[in-house]
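Asks: So that we are looking at the same thing, I have put the structure below in structure tokens.
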Amino acid sequence: MRSTQRGTPAVRTLAAKFSMLLAAMILVLAVSMILLLRFNVRSRQNRELVAAADSLHDAILQNNSLNAVQNVELPYYVLFAVYNAQSGEVIFTNDPFLPPLPPTHAYPCRYTEKNYFTDGDLDILYYALLHSNDGEYVIQTALNLDTDTASALISDLPKILLIVMLPLLFVSYFAALFISKRTMKSVRDMTETARQISSAQLDMRLPVSNKGDEFDALAQTLNDLLSRLQKDFEREKQFTADVSHELKTPLAVILGHANLLKRWGKDDKAQLEKSLAALASEAHSMEAIITNLLQLSRLESGVVHIQKTRVDVVALFKRLVADTAAWASGVSFSCHMGSAQDASGASATDSQSSSIHSVRETSARYVLADADFLYEACTIIISNSVKFAGEDVHIMLSCEHAERSGFCDIIISDNGPGIASSALPHIFERFYRGDEAHERSVGGSGLGLSIVKSIVQALGGFVRAESLQGQGAKIIMSLEAHNE
């Protein structure tokens, strides 16, 4: 009810504007019609006067006598007079009250004279033709505009239109008001529904009348927007809950050790060392979580500036192998550039060795990416392999032609325990843990592969995982190829 009351002034304003527009259109049409009718009537009158004067003139020429004008048949409403051009003496006329007037030029002229008659004015349209035959005389024809039916109708037409227009405006206003209310009902319904939508009711949708009009298109567009907002809101709620959950454990550990030290642990050297180590470890864990969250936020919001250049994948692999040896010396690598069949046969024979078993470069590969971000993504994947498979894991780095035209697949695979089939679709989600107890034991926060996904998407690529439990894991990053 409140929505209807608020919508009524807008509907009435719309109806009033429509009525005013209709009135303006009718006025323009009426004025145009009156002017056109007046022009046509005046043209017809001019033709009649000229034709009547020509008939009188021809009769005089044919009979060589002014008396011939008396035998010419003219319309009853056409007045005429033949008078001497010098003296103004009327020779013949069918209306004694018609005054002799000066000759006209090409077109008839209107002549008016106030109080010409005892009961009115003189208002005529006349045409005067100068004729010479043994002395100059003038042939004059005229129409009394006061008694001309067509002229009278045109003069009264504005009054008639005004009388007709007033009720028409009222009818058009109420018709427009009715149509506007029917048309704006969809807007009122959408407004009322939108007023009820809040963060607690994001599942509500604007009504769609299924008429296929612009209002339905607007409602459907806004509903799609609400669906996206609902997904984002739910994702953020889940994200907030996950962050709270992740930070709760290290905070509990920190508080526990702090209370222990406060009570008696500070006097026990062994316990003091143990508690300080735990505090430092949990603080580093919280720092890693916060750092990763900030990185994800920057990547997903587009704040991070991506500078895509040509990246040499061979050089990238060599850098990864060399840098990994500094923090996980037991990891062995095989690097391969080529087709998938070649890559499958390039694995190392001795996965326990800390040395690089083989680096085969059958063909150079270049991708279009940001070198630093791509290196970071690869390092995260390798770090995950080390966490779950141990420092004696064997990792294969491969680059192959992707199924998508114009892309290359950078593949990082290991010979670790693999990923369970139930967990595989979720490993790129934030804070997801397929084996929470195991991952906590290795210090994971569940954000690493989420960062990898965000990096690859920021680079314009795609990432997926393949694995059979017990047979190792494979992470494939598809990036745009750069051909020389």
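The values are calculated or read from the model by the stated rules, or taken from the named source; none is laboratory data. On a predicted model such as this, the values are computed, not experimentally measured, just so you know. Here Cβ is always computed from backbone atoms with ideal geometry, including for glycine, and neighbour counts include all displayed protein chains. Note: accessible area is taken over every heavy atom of the protein model, side chains too, but ligands, DNA and RNA are not part of it. Shrake-Rupley method; radii C 1.70, N 1.55, O 1.52, S 1.80 Å.
Asks: Please report the Cα spread of region 157-316 along all three principal axes, rounded to whole Å, starting with the longest.
Replies: Between the extreme Cα coordinates on each principal axis of region 157-316 lie 114, 53, 28 Å.
Asks: I'd like the accessible area for R430, computed on protein heavy atoms only with a 1.4 Å probe and all protein chains in place. Round to 10 Å², please.
Replies: 50 Å²
Asks: Which value in nm describes the separation of the simple spin-label points at D216 and A283, placed 7 Å from the Cα toward the beta carbon?
Replies: Going by the 7 Å Cα→Cβ label model, 6.4 nm.
Asks: Take region 121-220, compute every pairwise Cα distance, and split them into 10 Å bins from 0; I just need the percent in each bin.
Replies: Bins of 10 Å from zero give 11, 19, 14, 11, 10, 10, 10, 8, 5, 2, 1 percent of pairs.
Asks: Straight distance only, please: which lysines reach the Cα of K181 with their own Cα at less than 26 Å, same-chain residues fewer than 8 apart left out?
Replies: Filter leaves K17, K211.
Asks: Follow-up question, since we're still on this one. How high is the FRET efficiency between S329 and E480 when r is their beta carbon distance and R₀ equals 25 Å, given to the nearest 0.05? It would help to have the intermediate numbers written out before the result.
Replies: Details: r = 34 Å, r/R0 = 1.37.
Computed FRET efficiency for S329 and E480: 0.15.
Asks: Continuing with the same structure: Between L21 and N223, how high is the FRET efficiency from 1/(1 + (r/R0)^6) when r is the Cβ-Cβ distance and R₀ = 35 Å? Nearest 0.05. It would help to have the intermediate numbers written out before the result.
Replies: Numbers: r = 33 Å, r/R0 = 0.95.
Given R0 = 35 Å and the Cβ-Cβ separation, E is 0.60.
Asks: Another question about this same structure. Which lysines, on any chain, are close to K231 with Cα under 26 Å apart, when same-chain ones fewer than 8 places away are left out?
Replies: K248, K453
Asks: Per residue, how much accessible area does region 98-172 show when a 1.4 Å probe rolls over the protein heavy atoms, in square angstrom?
Replies: The answer is 60 Å² per residue.
Asks: Note the full-extension length gain between S297 and V171 as 0.36 nm times their separation in residues minus their Cα-Cα distance, in nm to one decimal.
Replies: Numbers: separation 126, 0.36 × 126 = 45.36 nm, distance 6.10 nm.
Here the segment from S297 to V171 would lengthen by 39.3 nm.
Asks: Could I ask something else about it? Using a 1.4 Å probe and counting only protein heavy atoms, arrange S398, S297, S405 so the residue with the most accessible area comes first. Write down the numbers at each step before the final one.
Replies: Working: S398 5, S297 65, S405 110 Å².
Greatest to least solvent exposure: S405, S297, S398.
Asks: Using only the heavy atoms of the protein chains and a 1.4 Å probe, how would D119, D189 rank by accessible area, largest first? Please list the in-between numbers first.
Replies: Numbers: D119 135, D189 60 Å².
Most to least solvent-accessible, the answer reads D119, D189.
Asks: Once you place label points 7 Å from the Cα toward the Cβ at N67 and D146, how far apart are they in nm?
Replies: My value for the distance between the label points is 3.5 nm.
Asks: Still on this model: Can you tell me the alpha carbon radius of gyration of region 149-189 divided by the globular rule-of-thumb value 2.2 N^0.38 Å? Walk me through the intermediate numbers first.
Replies: Values: Rg = 17.6 Å, N = 41, 2.2 N^0.38 = 9.0 Å.
Relative to the rule-of-thumb radius for its length, region 149-189 sits at 1.95.
Asks: If you don't mind, another one. In whole Hz, what ³J(HN,Hα) sequence does region 253-264 give by Karplus (6.51, -1.76, 1.60; θ = phi - 60°), x for Gly and Pro?
Replies: Along region 253-264, the couplings run 5, 4, 5, x, 5, 5, 5, 5, 5, 5, 6, 8 Hz.
Asks: Restricting things to alpha carbons, find the Rg to Rh ratio for the chain using the Kirkwood radius for Rh.
Replies: Numbers: Rg = 50.2 Å, Rh = 33.2 Å.
Using only Cα positions, Rg/Rh for the chain is 1.51.
Asks: Mind running the shape call on region 162-239? Use the C-alpha gyration tensor, a ≥ b ≥ c as the square roots of the eigenvalues: rounded below 1.5 for a/c, prolate if a/b tops b/c, oblate otherwise.
Replies: The shape class here is prolate.
Asks: May I ask for the percentage of alpha-carbon pairs in region 86-142 that lie more than 13 Å from each other? Numbers along the way, then the final one.
Replies: Details: 1005 of 1596 pairs.
For region 86-142, the fraction of Cα-Cα distances above 13 Å is 63 percent.
Asks: Sum -39500 (n - 2.57) across every DSSP H segment of at least 4 residues in the chain, then divide by the residue count to get the 222 nm mean residue ellipticity, nearest 500.
Replies: On the way: 9 runs with 249 residues, N = 484.
Helix contribution divided over all residues of the chain: -18500 deg cm²/dmol.
Asks: Please report how far the C-alpha centroid of region 360-422 lies from that of region 152-218, rounded to the nearest whole angstrom.
Replies: The distance from the Cα centre of region 360-422 to that of region 152-218 comes to 62 Å.
Asks: Give me the Kirkwood hydrodynamic radius of region 56-184 in Å, from all C-alpha pairs, to one decimal place? Please report the intermediate quantities before stating the final value.
Replies: On the way: mean 1/r = 0.0552 Å⁻¹.
Over region 56-184, the inverse of the mean reciprocal pair distance is 18.1 Å.
Asks: Here's a follow-up. Which lysines does K114 reach when only Cα atoms under 29 Å apart count, and residues fewer than 8 places away in its own chain are ignored?
Replies: K159
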